[in-house]
Ligand SMILES: [Zn+2]
Ligand SMILES: [Zn+2]
């Protein structure tokens with residue numbers, strides 16, 4: 001079968017890699033963004049279903065008195081961000097994505113100042129009280145001894161009606177979602193296909209012996225060839241939602257769902273075999289332990305409680 005028929009992976013790739021500057025230029029007008037926001041609000045209010053709005057209804061919503069001018073700008077959006085149906089106008093999927101990004105404040109020149117405060121969490125390295133600082137779209141969690149122990153960008157809308165604890169929860173939730181999504185092969189940035197390597201190439205070497213991994217935690221490495229996203233994470237984040245892990249902690253009255261980036265301190269990891277590659281994660285709770293063995297694809301091949 002030829003690779004260039006419509007919708008084939010190759011043709012999708014070609015079109016996505018094409019020049020998108022024009023599409024961004026179209027949005028460079030306040031009234032056009034207002035139209036997209038108006039249609040987006042209607043769609044969200046209807047459980048994401050595109051419900052058409054008529055010309056006059058949109059014009060009133062965006063408070064445009066000049067019908068000709070409004071018609072011109074609506075026309076400019078057609079085909080890219082807005083589609084015309086028999087019953088009126090709806091957003092294209094791209095238009096809906098833009099309306100969501102605007103809501104998150106991702107594109108805005110938002111100056112909300114700095115929000116900071118002491119967090120309930122202690123530094124995983126030294127136990128000192130941690131401080132959270134959110135500024136310019138970036139959350140940093142800071143230890144007085146160790147400096148920044150965690151950092152993640154979160155859109156400015158996160159700061160609406162939230163204090164530093166709420167912002168931290170949202171940022172950490174976002175990181176965990178990103179890791180689990182990448183683990184499932186979906187790029188959290190561009191939705192391209194992510195490759196996972198266990199252990200991370202830097203640690204892999206030729207003659208990795210089990211003793212080497214006694215001190216350093218085993219890392220998983222993620223890479224998206226499409227958008228070049230590359231990051232590493234401690235391996236246990238890859239299995240934190242595995243039923244065996246969830247059940248083990250649950251039996252010890254620990255709910256793993258809200259557990260976040262800097263909190264899991266009772267886990268160790270080690271490479272236990274090279275051929276085939278096997279990594280063992282050991283989780284501890286009270287006097288019990290759970291061993292989870294993974295292969296080089298990050299797939300759980302064995303679990304054992306003792
Ligand atoms: Zn510290
Ligand atoms: Zn990507």
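The values are calculated or read from the model by the stated rules, or taken from the named source; none is laboratory data. Note that the structure is predicted; figures quoted are calculated from it, not measured. Quick reminder, even Gly has a Cβ in these numbers, built from the backbone with ideal geometry, and neighbours come from all protein chains shown.
Assess whether residue 140 counts as being away from ligand 2 (no atom under 16 Å from the Cβ) and modelled with pLDDT of 95 or more. I'd like the intermediate steps shown before the answer.
Details: away from ligand 2 (no atom under 16 Å from the Cβ): yes; modelled with pLDDT of 95 or more: no.
No.
Which one is farthest from residue 237 (Cα to Cα), of the residues in segment 142-161 that are out of contact with any helix residue (DSSP H, G or I) (no Cβ under 7 Å at 6 or more places or on another chain) and surrounded by 15 or more Cβ atoms within 10 Å (Cβ to Cβ)? Once the filter is applied, the top-ranked residue is 156. Here residue 50 clears all of (1) farther than 23 Å from residue 26 by Cβ; (2) touching a helix residue (DSSP H, G or I) at 6+ places or on another chain (Cβ under 7 Å) except the condition numbered (1).
Of the helices (runs of 4 or more DSSP H) lying entirely inside segment 25-96, those containing at least 1 residues that are farther than 29 Å from residue 190 by Cα are 55-61, 67-77. Condition (residue is surrounded by 14 or more Cβ atoms within 10 Å (Cβ to Cβ) and farther than 30 Å from residue 37 by Cα) applied to segment 100-120: is it met by at least one residue? Yes, some residue in segment 100-120 is surrounded by 14 or more Cβ atoms within 10 Å (Cβ to Cβ) and farther than 30 Å from residue 37 by Cα. Meeting the requirement of 2 or more residues that are closer than 21 Å to residue 185 by Cα and free of Cβ contacts under 8 Å to residues at least 40 places away in the same chain, the strands (runs of 3 or more DSSP E) wholly within segment 223-306 are 230-234.
From the list 116, 145, pick out the single residue that is away from ligand 1 (no atom under 16 Å from the Cβ) and either part of a loop (DSSP other than H, G, I, E, B) or touching a strand residue (DSSP E or B) at 6+ places or on another chain (Cβ under 9 Å) (or both).
Working: 145 fails: away from ligand 1 (no atom under 16 Å from the Cβ).
116 is the lone residue from the list that is away from ligand 1 (no atom under 16 Å from the Cβ) and either part of a loop (DSSP other than H, G, I, E, B) or touching a strand residue (DSSP E or B) at 6+ places or on another chain (Cβ under 9 Å) (or both).
Among the candidates 121, 161, 174, 87, single out the residue that is within 16 Å of ligand 1 (Cβ to nearest atom) and not assigned by TED's automatic domain parsing to the domain that holds residue 225.
On the way: 161 fails: within 16 Å of ligand 1 (Cβ to nearest atom); 174 fails: within 16 Å of ligand 1 (Cβ to nearest atom); 87 fails: within 16 Å of ligand 1 (Cβ to nearest atom).
121 is the lone residue from the list that is within 16 Å of ligand 1 (Cβ to nearest atom) and not assigned by TED's automatic domain parsing to the domain that holds residue 225.
Residues in segment 122-141 that are out of contact with any helix residue (DSSP H, G or I) (no Cβ under 7 Å at 6 or more places or on another chain), outside any strand (DSSP E or B) and within 19 Å of residue 153 (Cβ to Cβ): 136 only. Evaluated against (1) more than 30 Å from residue 274 (Cβ to Cβ); (2) modelled with pLDDT of 90 or more; (3) not in a loop (DSSP other than H, G, I, E, B), residue 169 falls short on exactly one condition, (2). Listed by first and then second residue, the pairs with beta-carbon distance under 6 Å, at least 6 apart or on different chains, first residue in segment 160-178 and within 14 Å of residue 115 (Cα to Cα), second surrounded by fewer than 15 Cβ atoms within 10 Å (Cβ to Cβ) and at pLDDT 85 or above, are 164/117. Apart from one condition, residue 183 fits all of (1) surrounded by fewer than 17 Cβ atoms within 10 Å (Cβ to Cβ); (2) touching a residue at least 60 places away in the same chain (Cβ under 8 Å); the exception is (1).
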